[in-house]
1. What full-extension length gain, to one decimal in nm, is calculated for Asn46 and Leu108 as 0.36 nm per residue of separation minus the Cα-Cα distance?
2. Among Val119, Thr129, Ile199, whose Cα sits farthest toward the positive end of the charge dipole of the chain (+1 at Cβ of Lys/Arg, -1 at Cβ of Asp/Glu, about the Cα centre)?
3. Can you give the FRET efficiency for Ile196 and Val75, using 1/(1 + (r/R0)^6), R0 = 22 Å, r = Cβ-Cβ distance, to the nearest 0.05?
4. Leaving out ligands and nucleic acids, note down the accessible area per residue over the range 94-197 with a 1.4 angstrom probe, in whole Å².
5. Calculate what fraction, in whole %, of the accessible area of the chain sits on carbon and sulfur atoms when a 1.4 Å probe is rolled over the protein chains.
6. Evaluate the Debye formula for the chain with equal point scatterers sitting on the alpha carbons, no solvent, and hand back log10 of I(q)/I(0) at q = 0.09, 0.17 Å⁻¹, in q order, two decimals.
7. Within the chain, what is the number of lysine pairs with alpha carbons under 25 Å apart, leaving out pairs fewer than eight places apart on the same chain?
8. Could you please state, rounded to a whole Å, how far the C-alpha centre of the range 62-114 is from the C-alpha centre of the range 14-40?
Amino acid sequence: MRKKSEERRQAILDVAAQMFNESGFEGASMSDISARLGGSKATLYNYFSSKEEIFVEVLLRQAGAQFDLTFASLVESDDLRAVLQRFGAMYLQAKLQPEIIAARRLILYHAERSQLGQVMYERGPKRGTTRMAEFFASAMARKQIREADAWLAALQFHGLMEAEWIEVRMLGVVTAVTAAKVRDSVERAVDAFMRIYAI
């Protein structure tokens with residue numbers, strides 16, 4: 001029974017992903033999704049509480065594995081700078097992907113019109129910042145960087161990583177960033193971060 005339920009849930013996400021790609025978040029309704037799925041809206045609500053929740057699940061399914069792999073690269077090492085550079089390059093390349101940029105634009109547009117922004121923050125950025133903060137707290141305990149607020153350190157590192165590219169990418173000023181440019185900008189971000197938190 002559980003397997004059948006999970007298959008149904010995945011089918012809903014597959015159909016919803018198609019609808020969001022075709023019509024955008026606003027253009028796709030619960031009624032449209034259920035009609036294409038061949039069921040009722042009641043069936044959808046048995047699995048998801050809202051269209052926002054479905055959208056977040058679709059996005060996390062598409063990007064989740066890559067981000068999980070990225071955060072898994074935050075491992076204890078004697079060479080903290082190398083770990084941060086590897087993580088930063090993986091992270092920034094993922095954030096600059098066209099589908100992630102498109103989803104981020106959509107989320108920002110709808111953030112105050114629905115619960116989409118809050119739900120996405122809890123499921124995405126907040127979880128990522130928490131993992132970075134835990135990593136930095138461990139690095140502080142190992143005396144690799146100075147003692148400070150690990151949550152704030154995570155936010156600052158995040159800001160440094162995104163500083164050169166995210167805004168211009170979100171606004172369409174830049175449409176692509178090469179791996180070499182990502183690597184160079186991450187190196188500058190890591191250098192700035194290490195200067196701030198040097199012991």
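The values are calculated or read from the model by the stated rules, or taken from the named source; none is laboratory data. Since we're looking at a predicted model, the values are computed, not measured. Cβ placement follows ideal geometry from the backbone for every residue including glycine, while neighbour counts extend to all protein chains displayed. When the accessible area is computed, the model is the full protein with side chains, heavy atoms only, and any ligands, DNA or RNA have been set aside. Shrake-Rupley method; radii C 1.70, N 1.55, O 1.52, S 1.80 Å.
1. 19.6 nm
2. Comparing the listed Cα positions along the dipole, Val119 ranks first.
3. Efficiency at R0 = 22 Å is approximately 0.50.
4. Dividing the accessible area of the range 94-197 by its residue count gives 55 Å².
5. After summing per-atom areas, the C and S share lands at 53 percent.
6. -0.42, -1.11
7. Lysine pairs meeting the criterion: 9.
8. Cα centres, the range 62-114 to the range 14-40: 27 Å.
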